[in-house]
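To start, the structure itself, in structure tokens.
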Amino acid sequence: MSNDLLKVKDLSIQYRTDEGIVRAVDMMTFEVSKGETLGIVGETGAGKTTTALGIMQLVPDPPGEIVKGEIIFNGENLLEKTNEQMRKVRGKKISMIFQDPMTSLNPVMTTEEQIAEVIILHEKVSEKEAYEKARDMLETVGIPRERGKEFPHQFSGGMRQRVVIAIALACNPELLIADEPTTALDVTIQAQVLKLMKRLKTEFDTSMILITHDLGVVANICDKVAIMYTGYVVEYAKIRDLYTDPLHPYTQGLFGSIPSIDEDEERLNPIKGLMPEPTEVPEGCPFNPRCPKVMDICRSVLPIRYEAKEGHFVNCHLYYDHNETEK
Amino acid sequence: MPDFKSADNLIEVKNLKKYFKTKKGMLHAVDDVNFFIKEGETLGLVGESGCGKSTTGRAVLRLLEPTAGEVLFEGKNIVDFSFREMREARKNMQIIFQDPYASLNPRMSLGQIIAEPLLINKVFKDRLKVTERVKELMDTVGLTPRLLNAYPHELDGGRRQRVGVARALALNPKFIVQDEPVSALDVSIQAQILNLMQDLQDEFGLTYLFISHDLSVVKHVSDRIAVMYLGKIVELSEYGSMFRDPLHPYTQALLSAIPVPKMDVPDNMIILEGDVPSPVNPPEGCRFYGRCRYRKDLCKEKTPELLEHEPERYAACHFVNEIREKQN
């Protein structure tokens, strides 16, 4: 498709550790079109943040390494770019919001300085203009412009996250990667930030990748979603398809684990067992030891991506085999 | 103050206050809090960070000495207890902490951690019996006895939290405060621990005070829920009626702000303006005044009391009925 802003294909990222090679991200494939928001969902250690760092080429090397794949952004493969060229992309065309607003700001710089810094770096403007634009950005995210003279410690958590968003959007990027942007925030403050992000999405037509473990946040803001488990995307679909008809047993397990707000359930249906150690991912389907529908084939063969329904991809033998026998 | 007197109450908390001295003035972490917990039930205590819910949990156990107020456990005010009496009382009152990484001593094996309460209280003369009991406890919480000599760093978060649960159960308590017991865990593990706590409650008839910021979790585990805002309880009621029809404007906003993991949920989020104000030297009047959509002059002048508006449904707001009429 031509309107794909970002196309990630077969991306594989590994970390070399003393315990062995960790395949943090394996054979990851997804697309983000203009103005679209993709949610990447998974539990701790699923490879969500590594994916984001991979796109930005900020994977710490060593021990990390992008071993395979393509990251096509606006028709260019980012993996073929030099460091110098990448620096022009980061913060300008692609920017990132990190999880913890407490640590992602510089404590000894005023907020307007931090926003202006990005603008001066990427745009041909005078310092004065940059500061003016920085204060405009503060207003865009709902902070009075006078507060640009203040330091991060003078802001609350929710406001700090707004400053981080202002920095990320200062150069009007085409793609915004937000890594758990609301996880550290209280629910009423989270509601404020989500509303702001939705507004900015429509106002600036920015494409977004939202990394989260919260399926509620995804339902609220995303158009598509990829569910990750031990470095693999196990299911990838439009949100409506995924929420109304989750196919992968892991996705079903995630939904079964969340207590419902509007219905009464006596007991939760958690996924049994634990996520495997990253160096000891089982043979075959990585989910097989925990899967309630495990079959013999799952223990030996890694399921490949399969389009179970139009635009609804799942990596699971249940659907693949089913289809084979029907044919 | 509402009259909570009932024979079924295991815990009654009356006018509980906990203030901290800070450079800027008195920090009113818990300010005149009243609630009760019936035997065998779970009271959920929700609120956003800094609202005083953890301080309340600790003050109830006297892990923090209350500034004022009473905590009645089986009708006796434990705030007046001597050190020795308190040690005896604590056998029945235990706590599970939020962070399973920080609440276990890294230099003790699981066996030692779980045995510690048994040894301190000299429950068994025979050391073999201690080990036997530890193994039994590990089995109860779903830990294999093989881990008896393992150390906390060898375990994942979910198993560590199980150790915390086993330790809390060691003395057969009646009452357990759970302070954000699943917040540090991934959802699939969180569900396992919640189910475990539910099974233990059924099996041993435990009474819980469940503290959390996660409303869907609180709703799932609680019989009744208390909502805290800036050191005060603003609403206390049975979970179903609270979620169907919250009385206090803060509860309404809080419940509306939860993102629901479903399609076609109407977007009725009530977005509160601003942040929670500072609990240092709070002014007279309703604490929610600055962020409330329905505020009036009276709210600034007079602190609303927690009153019973319907049977067993308490709210601290001057205009509960007016707001309801407006909404209908």
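Being under 25 Å from the mean Cα position of the chain (by Cα) and without any contact (Cβ under 8 Å) to a residue 40 or more places away in the chain, is that true of even one residue in region B:36-53? Yes: one or more hits. Regarding B:Arg146, is this residue free of Cβ contacts under 8 Å to residues at least 24 places away in the same chain, outside any loop (DSSP other than H, G, I, E, B) and within 14 Å of chain A (Cβ to nearest Cβ)? When the stated conditions are applied, B:Arg146 does not pass them.
Quick one: in region B:278-326, of everything that is under 17 Å from B:Asn15 (Cα atoms) and among the hydroxyl-bearing types (Ser, Thr, Tyr), which residue is surrounded by the fewest Cβ atoms within 10 Å (Cβ to Cβ)? Once the filter is applied, the top-ranked residue is B:Thr303.
Looking at A:Cys316, A:Cys285, can you tell me which residue is farther than 18 Å from B:Gln192 by Cβ, crowded, with 19+ Cβ neighbours inside 10 Å and without any contact (Cβ under 8 Å) to a residue 40 or more places away in the chain?
A:Cys285
When you check B:Arg159 against the structure, is it within 13 Å of chain A (Cβ to nearest Cβ) and either assigned to a helix (DSSP H, G or I) or surrounded by fewer than 21 Cβ atoms within 10 Å (Cβ to Cβ) (or both), yes or no? Taking the combined requirement at face value, the residue satisfies it.
Go over the candidates B:Lys122, B:Lys129 one by one and state the one that is part of a helix (DSSP H, G or I), over 28 Å from the mean Cα position of the chain (by Cα), surrounded by fewer than 17 Cβ atoms within 10 Å (Cβ to Cβ) and not β-branched (Val, Ile, Thr).
B:Lys129
Taking strands (runs of 3 or more DSSP E) as the structural unit, those lying wholly within region A:1-70 and holding at least 2 residues that are out of contact with any helix residue (DSSP H, G or I) (no Cβ under 7 Å at 6 or more places or on another chain) correspond to A:4-17, A:20-33. Condition test on B:Ala150, is it among the aliphatic types (A, V, I, L, M), within 23 Å of A:Leu274 (Cα to Cα) and surrounded by fewer than 19 Cβ atoms within 10 Å (Cβ to Cβ)? Yes. Answer yes or no: is there a residue in region A:145-164 that is in contact (Cβ under 8 Å) with a residue 12 or more places away in the chain, out of contact with any Ser or Thr (no Cβ under 6 Å at 6 or more places or on another chain), surrounded by 20 or more Cβ atoms within 10 Å (Cβ to Cβ) and charged (D, E, K, R). Yes - at least one qualifying residue is present in region A:145-164.
How many residues does region B:162-194 contain that are among the acidic types (Asp, Glu) and in a helix (DSSP H, G or I)? Qualifying residue count for the region: 0. Screening A:Ile221, A:Ile227 for residues that are touching a His at 6+ places or on another chain (Cβ under 7 Å) and not hydroxyl-bearing (Ser, Thr, Tyr) leaves exactly one candidate, A:Ile227.
Here B:Pro106 clears all of (1) under 16 Å from the mean Cα position of the chain (by Cα); (2) part of a loop (DSSP other than H, G, I, E, B) except the condition numbered (1).
If the condition is being farther than 27 Å from B:Leu200 by Cβ and either within 12 Å of chain A (Cβ to nearest Cβ) or surrounded by fewer than 24 Cβ atoms within 10 Å (Cβ to Cβ) (or both), then region B:218-235 contributes B:Tyr229, B:Leu230. Taking region A:95-125 as the range and being assigned to a loop (DSSP other than H, G, I, E, B) and either closer than 19 Å to A:Met56 by Cα or not aliphatic (A, V, I, L, M) (or both) as the test, the residues that pass are A:Phe98, A:Gln99, A:Asp100, A:Pro101, A:Thr103, A:Ser104, A:Leu105, A:Asn106, A:Pro107, A:Thr110, A:Glu123, A:Lys124.
Condition check ((1) outside any loop (DSSP other than H, G, I, E, B); (2) at pLDDT 90 or above; (3) touching a Phe, Trp or Tyr at 6+ places or on another chain (Cβ under 6 Å); (4) buried (at least 23 other Cβ atoms within 10 Å of the Cβ)) across all residues:
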{"position": "B:Ser237", "(1), (2), (3), (4)": "yes, yes, no, yes"}
{"position": "B:Gly240", "(1), (2), (3), (4)": "yes, yes, no, no"}
{"position": "B:Leu254", "(1), (2), (3), (4)": "yes, yes, no, yes"}
{"position": "B:Asp264", "(1), (2), (3), (4)": "no, no, no, no"}
{"position": "B:Asn268", "(1), (2), (3), (4)": "no, no, no, no"}
{"position": "B:Val276", "(1), (2), (3), (4)": "no, no, no, no"}
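If I go through region A:180-193 residue by residue, how many of them are crowded, with 22+ Cβ neighbours inside 10 Å and under 15 Å from the mean Cα position of the chain (by Cα)? So the answer is 2.
Name the residues in region A:106-161 that are touching a Phe, Trp or Tyr at 6+ places or on another chain (Cβ under 7 Å) and under 25 Å from A:Asp186 (Cβ atoms), would you?
A:Pro107, the sole residue that qualifies.
Across region A:86-121, what is the number of residues that are at pLDDT 90 or above and in contact with a strand residue (DSSP E or B) (Cβ under 9 Å, 6 or more places away or on another chain)? Selection size over region A:86-121: 8.
The values are calculated or read from the model by the stated rules, or taken from the named source; none is laboratory data. Only a predicted model underlies this, so the values are computations on that prediction, with no experimental measurement involved. In this analysis, Cβ positions are derived from the backbone assuming ideal geometry, glycine residues included, and neighbour counts consider all displayed protein chains.
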